[in-house]
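Read through the structure below, which is laid out as structure tokens, and then see the notes.
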Amino acid sequence: MTSKNRVLFTLAVAGSLLYMGCGGGATDGNGGEVPKGMMALDLSQYGKNIIIHVPDSTAGPLSVEDMGGGLRITVGKNFQIDLKEGAGDLNTKKDVDIKQNEVYALDTMVVDQPDGIVYCWHMKGAAPADSTKSIYEYRFFAVVKAGDVTYEVEDVAGEIFGRKAVMSMFEAARSIKPKEAKKPEA
């Protein structure tokens with residue numbers, strides 16, 4: 001781990017401890033409830049004035065990495081998302097990037113909603129080298145408006161995730177909301 005990544009990791013952990021909860025009644029700092037097994041992560045220290053629910057520390061170490069304007073949030077091996085500001089063109093994602101993909105074939109749209117999709121696909125012509133392993137990969141893409149900013153959130157390209165992991169990441173993306181400004185004390 002480079003010294004820059006160590007600093008980012010330390011800042012992420014320190015910042016998240018301010019908003020961490022064990023779930024089951026814990027709040028995210030904005031008055032919203034954090035689901036059990038999740039914690040609220042404040043991304044304002046990374047230039048994004050939002051809060052997102054991510055798996056708590058029992059899922060593995062938390063890492064937030066600046067990706068040149070976007071953020072990569074990783075918790076363990078099964079939670080890896082990229083978040084960036086963008087137009088959120090869900091139709092192009094579905095009709096071009098997925099359905100017209102030259103390498104992968106779409107198997108099914110697991111979730112197809114106006115704010116995001118979860119889909120399953122496989123590499124064209126692929127057969128598992130190991131019969132105990134699946135050729136199917138699950139992916140997601142979500143468009144979240146938080147205040148005046150639209151964010152595109154998706155799983156990290158190049159990684160292979162199962163359905164349960166992707167559904168968890170999709171729900172985390174949908175939890176994004178603006179961080180409320182603290183009210184001045186009277």
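A Förster distance of 45 Å, applied to the separation of the beta-carbon atoms of GLU33 and LYS99, puts the FRET efficiency at 0.75. Pairs exceeding 29 Å between alpha-carbon atoms, taken from LYS36/LYS77; LYS99/LYS179; LYS94/LYS124: LYS99/LYS179.
Taking N as the number of residues in segment 43-137, what value does Rg over Cα atoms divided by 2.2 N^0.38 Å take? Let's see the in-between values first.
On the way: Rg = 16.4 Å, N = 95, 2.2 N^0.38 = 12.4 Å.
Here the Cα radius of gyration is 1.32 times the empirical estimate.
How are the alpha carbon pair distances in segment 54-94 distributed across 10 Å bins from zero to the largest one, expressed in percent? Whole-percent P(r) values from 0 Å outward: 28, 40, 27, 5.
A short reminder: the numbers here are calculations on the coordinates, not readings from a lab. This is a predicted model, so every value here is computed, not measured. Cβ sites come from the backbone with ideal geometry, for glycine too, and all protein chains shown count toward neighbours.
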